[in-house]
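Values in this text are rule-based calculations from the coordinates and carry no lab data. It should be emphasised that the depicted structure is a prediction, and the values quoted were computed from it without experimental measurement. Backbone-built Cβ (ideal geometry, glycine too); neighbour counts: all protein chains shown.
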Amino acid sequence: MALAKQASFSVRHSLSEPVPDLSIGLTAAPNTMKIAILGKPFAEEVTPYLQEMLNDLDHRETEVLIVESFRDYLASRLQLPPNVTSFQRGDSLQDVQFVLSIGGDGTLLDTVTYVGSLQIPILGINTGRLGFLATITPDRIIQAIDAVFKGHFVLEDRSLIRVDTDPEVFDGINFGLNEFSILKRDTSSMIVVHTYIDGEYLNSYWADGLIVATPTGSTGYSLSCGGPVMLPQTNNFVVAPVCPHNLNVRPLIVPDHSVISFEIEGRSNNFLLSLDSRSVPVDAGIQIAVRREMFNARLVKLNHVNFLSTLRSKLNWGLDRRNPAGIPV
């Protein structure tokens, strides 16, 4: 276990480098807007709202870029304005002021990988189901766009988790907004994940897997494994075992300036590494370390939406007849 104990393979950024201090506050939008759109297929009843959105952007003389696969999907269902162009992964979004993510939370997680270190503000439009991150409903799209153009919004920075592996397995997109997971394959028995924090031995987790979640990811997979909910600006990770064999093993809060490294054992020599919605099979000899990424995801939040109101609405907090009338839900 000496290799993980010493965290001997290098991570790309030094721990001494500070995480950028990104401001959060009311921000005025530029007069001439360039907006990129990413999305996934949607239900038929959403179609008129998206047509209205595109017409509104065209009326505002907005330069619109749509990721190629979604543009083809929209073209078969809507009337696209003449000012719409397409882009692919790897194309520069340098001059884009805002990105619209149309779908569910999974779509927004994917959108973060397109934006990367550019930190372009992302507005999540929820045409999916739960909508923890994508909070704008289709019937409020026009109001949301109007707020963006008027500068009536706040920017909320969300920390990202970075995964360094040897060999590289995530094709250079080795950061995520929610969580990193080490998991057993479907047909294998439980695994052992030897875990170290800044080179110091923490524990050997006998389990189906192990999750390291950001504050944003604390309401996802980690929550279903008994992990706590953390506010978005909390500078921590949650280390949570998946179905641990020892019931006294509990989720642990770790400062996100730490480097967490792992060694994996099991009867099988193959395991799964998952970064948000991207999963890859790996061999047991892989070297793994995670830390906080040096840039953040920047989300657009309108004045009527905040994390606490989202918690109440999505987790049904406050729906208790014993609560006094007037308590917000």
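Quick look at the numbers
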| item | result |
| --- | --- |
| Relative contact order %, the chain, counting alpha carbon pairs below 8 Å whose residues are six or more apart | 20 percent |
| D (Stokes-Einstein, µm²/s), Kirkwood Cα radius, the range 28-145, 1.306 mPa s at 10 °C | 112 µm²/s |
| D256 long-range amide H proximity, modeled H, under 5 Å | N236, F237 |
| Length-normalised contact order of the range 74-122 in % [C-alpha pairs under 8 Å, at least 6 apart] | 39 percent |
| Sorted by Cβ density within 10 Å, fewest first, the residues K150, K40 | K150, K40 |
| Fully extended contour minus Cα-Cα distance, from R60 to S188, at 0.36 nm per residue | 40.5 nm |
| Relative contact order (%) - the range 182-302, alpha-carbon pairs under 8 angstrom, separation at least six | 26 percent |
| Whole-Å distance, taken between Cα centres, linking the range 245-275 and the range 137-151 | 41 Å |
| Q51-L130 pseudo-label distance in nm [points 7 Å out on the Cα-to-Cβ vector] | 3.3 nm |
| Intensity falloff of the range 136-215 expressed as log10 I(q)/I(0), Debye formula with alpha-carbon point scatterers, at q = 0.17, 0.19 Å⁻¹ | -0.86, -0.98 |
| Cα-based radius of gyration of the range 57-109 once divided by 2.2 N^0.38 Å, which approximates compact folds | 1.17 |
| Per-residue HN-Hα couplings for the range 271-287 [Karplus 6.51, -1.76, 1.60; θ = phi - 60°; Hz; x = Gly/Pro] | 9, 10, 10, 10, 10, 6, 9, 9, 10, 9, x, 9, 8, 5, x, 5, 9 |
| About the Cα centre, charge dipole magnitude for the chain (Lys/Arg +1, Asp/Glu -1 at Cβ), debye | 840 debye |
| Theoretical gain in end-to-end length, W317 to D283 [0.36 nm per residue, Cα-Cα removed] | 8.0 nm |
| Cα pair distances exceeding 24 angstrom across the range 184-329, given as percent | 41 percent |
| In Å, descending, principal axis extents of the Cα set of the chain | 62, 54, 41 |
| Amide hydrogen neighbours beyond the local backbone of F153, cut-off 5 Å, H modeled | T27 |
| Radius ratio Rg over Rh of the range 71-215, counting only Cα atoms, Kirkwood formula for Rh | 1.05 |
| Set of lysines near K184 by C-alpha distance (under 24 Å), chain-local residues within fewer than 8 positions excluded | K5 |
| Mean Cβ neighbour count within 10 Å, used as a protection proxy, ranking 58-66, 236-244, 167-175 highest first | 236-244, 58-66, 167-175 |
| Anchor K301: aspartates and glutamates whose Cα lies under 15 Å away (excluding residues fewer than 8 positions away in-chain) | D105, D146, E156, D157 |
| Integer Hz, Karplus 6.51/-1.76/1.60 couplings in order for the range 263-268, x for Gly and Pro | 10, 10, 10, x, 5, 8 |
| Hull volume in cubic angstrom per residue (convex hull over the Cα atoms of the range 101-187) | 119 Å³ |
| Fewest-first sequence of M53, M294 by Cβ atoms within 10 Å of each Cβ | M294, M53 |
| Computed [θ] at 222 nm, deg cm²/dmol, the chain (DSSP H ≥ 4; -39,500 (n - 2.57); rounded to nearest 500) | -5000 deg cm²/dmol |
| Residues with amide H under 5 Å from that of V242, placed H, sequence gap 5 or more | D208, G209, L210, I211 |
